[in-house]
Amino acid sequence: MAMQSNEPVVFERDCEAALIPAGDTGIIPKGAEGMITQALGGSYTVYIQGNLFRIDGKDADAIGKEPEPTPELPDNASDEDVEQLVWDQMRRCFDPEIPVNIVELGLVYRCDIHLNDDGSRTVEVDMTLTAPGCGMGDIIAYDVREKVRQVPTVEDVKVEVVFDPPWSFEMMSEAAKLQTGMM
């Protein structure tokens, strides 16, 4: 989904949202007015009365947009199918300050998927930020948890923000380097 800027919106229903950059969640009431400042990965950033909020794609109808479809797996999905879908979901997560997904930026250091006794899965992700002082860590971790939790059979998602090893431009994919002009 392409970035949009300064598109006015009126909330058509109460909607859960995450405060940027803290990641704290709350409800934006029906009738609230704001501006869409960014639309990436199926999520929307909305500016309301001096604050930025992240609206998940599943709640896009609250701002008059088409909700994102829930990710699906075939009935006979393999562990590899689940892993691929988890990575695909993380590719839908963006650093709000850089319009490149966190996987291509090289921010995901580890993604382990554990099959639980009841058939559900737990996903553990270690990720970093482009700079230790980056204030967007909580909202990026929130976005990863929310998007990966949508994968069928995933019941729990644990995201740890780590700084070892420190992130560097060399960790970016070739596509990300081209997109950001760092090639």
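What nm distance separates the two modelled labels at I27 and D126, each placed 7 Å from Cα along Cα→Cβ?
Result for the modelled spin labels: 4.0 nm.
When the convex hull of the Cα atoms of the chain is projected onto a plane and the area is averaged over all directions, what value comes out in nm²?
Averaged projected area of the chain's Cα convex hull equals 11.3 nm².
Could you give each residue of the stretch 99-106 its phi-based ³J(HN,Hα) in whole Hz, using Karplus coefficients 6.51, -1.76, 1.60 with θ = phi - 60°, and x for Gly or Pro?
x, 10, 5, 5, 5, 5, 6, x
From Cα pairs below 8 angstrom and at least 6 apart in sequence, can you work out the relative contact order of the stretch 7-63, rounded to a whole percent?
36 percent
Length gain on complete extension for the stretch N116 to L73, per 0.36 nm per residue less the alpha carbon to alpha carbon distance?
13.7 nm
Could you work out how far apart the two model spin labels at E80 and R13 are, taking each label as a point 7 Å from the Cα in the direction of the beta carbon, and quote it in nm?
Once both label points are built, they end up 4.0 nm from each other.
From the backbone phi of the stretch 26-39, what are the Karplus-calculated ³J(HN,Hα) couplings (6.51 cos²θ - 1.76 cosθ + 1.60, θ = phi - 60°) in whole Hz, Gly and Pro given as x?
These are the phi-based 3J(HN,Hα) values: x, 10, 8, x, 3, x, 4, 10, x, 10, 6, 9, 7, 9 Hz.
5 Å is the cut-off here: which amide hydrogens, built 1.01 Å from N in the peptide plane, fall below it relative to N101, excluding neighbours closer than 5 in sequence?
Correct list: empty.
Please provide three numbers in whole Å: the alpha-carbon extents of the stretch 7-63 along the principal axes, with the largest listed first.
24, 20, 19
In 10 Å bins starting at zero, report the fraction of Cα pairs in the stretch 79-180 per bin as a rounded %.
With a bin width of 10 Å, the distribution comes to 16, 49, 29, 7, 0.
Bear in mind these aren't lab numbers, they're just calculated from the coordinates by the rules spelled out. Note that the structure is predicted; figures quoted are calculated from it, not measured. All Cβ positions, even for glycine, are placed from backbone atoms using ideal geometry, and neighbour counts span all protein chains on display.
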